[in-house]
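See structure below.
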Amino acid sequence: MAAPSGDAAPQAVQAAPAASSPAAAQAAGPTAAAGASDARVVGTAPAVAAGQSPAVGQSPAATDPAAAPDARVLAATTPPPEQARAIGQAFAQRFPGIQVDAVRLTPMAGIFEVQVGLDLVYTDAQVDYVLQGALIDAKARRDLTAERLEILQQVAFDSLPLDRAIRQVKGTGARQMAVFEDPNCGYCKQLHQTLENIDDVTVYTFLYPILSPDSSTKARDIWCAQDPAATWKNWMVRGQLPAAADCATPIQDNLALGRQLNVRGTPALFFADGSRVNGALPLDALQQKLDQQKAG
């Protein structure tokens, strides 16, 4: 399958499949920023400012239906409360300022999964050692870390504030997707060229200007246009510059929402089943994802 792609803001750090936040980087040491991004997310680089919590790498299961989460991942259990509490406290002592959100057992005896935001690291019961990276089931050839991250990244589609998005309907509009986009994002424009060949879909675009100051100006002009949907399409597909306009916009709210959802590059795609893809998908892959959303 062709690799999804995306645009990044300047002075950002390349996404890693796990433990890529500043907190996890502190826990993992100086090598944290050196992790390779998922092979299916080539070109999808970060786009948030330093100090914001970036998203974790894209799970293979997000673009490959065959890569469904392992049952052991779905059924992951927590250790006894006193042990989980002790690990969390030891972690906090080793790495002051890091908030542990959850501690879980792993299939490896004596190794625990520690969740910090939407990042994962692994440790022993005494937190004498901390591991950053993918936990692989070598027997089944499964990336258990990626599968867990996919679960953690899921977003209920009906929880998105769609009234703050530009709505575009094609055909029946039965299938739905939401996209965080920057007006100057080349891969977002590539996505819109792909959408020209897809029917029966409703696309909600959250204007997410993160690439340059000019992005904010264009986003404002597009949102404040008499017909935002048509103006957006004319710019993204035909290159017609939007006329200057001014009004109250939800752009700052969208930026806050994106940080909350760990959107760190554009485009970021959210689907009705709660899954997400970081980067533009080729036609066949996007069609496949949308076909899975018919119930939504």
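Is there a residue in the range 81-103 that is surrounded by 16 or more Cβ atoms within 10 Å (Cβ to Cβ), of a type in the set (D, E, K, R) and at pLDDT below 95? No, the range 81-103 contains no residue that is surrounded by 16 or more Cβ atoms within 10 Å (Cβ to Cβ), of a type in the set (D, E, K, R) and at pLDDT below 95.
Restricted to the range 128-214, the set of strands (runs of 3 or more DSSP E) holding at least 3 residues that are closer than 18 Å to residue 275 by Cβ comprises 175-181, 201-207. Using the structure shown, decide if residue 248 is farther than 17 Å from residue 287 by Cα and within 24 Å of the chain's Cα centre (by Cα). Taking the combined requirement at face value, the residue does not satisfy it. Just to be sure before I move on: is residue 237 in a strand (DSSP E or B) and either in contact with a Pro (Cβ under 7 Å, 6 or more places away or on another chain) or surrounded by fewer than 17 Cβ atoms within 10 Å (Cβ to Cβ) (or both) in the structure I sent? No: the conditions fail for residue 237. Please verify whether the range 235-250 includes one or more residues that are of a type in the set (Val, Ile, Thr) and within 23 Å of residue 277 (Cα to Cα). Yes - at least one qualifying residue is present in the range 235-250. Residues being within 17 Å of residue 190 (Cβ to Cβ) and either at pLDDT 95 or above or of a type in the set (Gly, Ala, Ser) (or both) are represented in the range 238-256 by at least one member.
For residue 259, indicate whether it is touching a helix residue (DSSP H, G or I) at 6+ places or on another chain (Cβ under 9 Å) and among the basic types (Lys, Arg). Criteria not met by residue 259.
The values are calculated or read from the model by the stated rules, or taken from the named source; none is laboratory data. Model, not experiment: these values are computed from the prediction. Methodologically, a virtual Cβ is constructed for each residue, glycine included, from the backbone with ideal geometry; neighbour enumeration extends over all protein chains shown.
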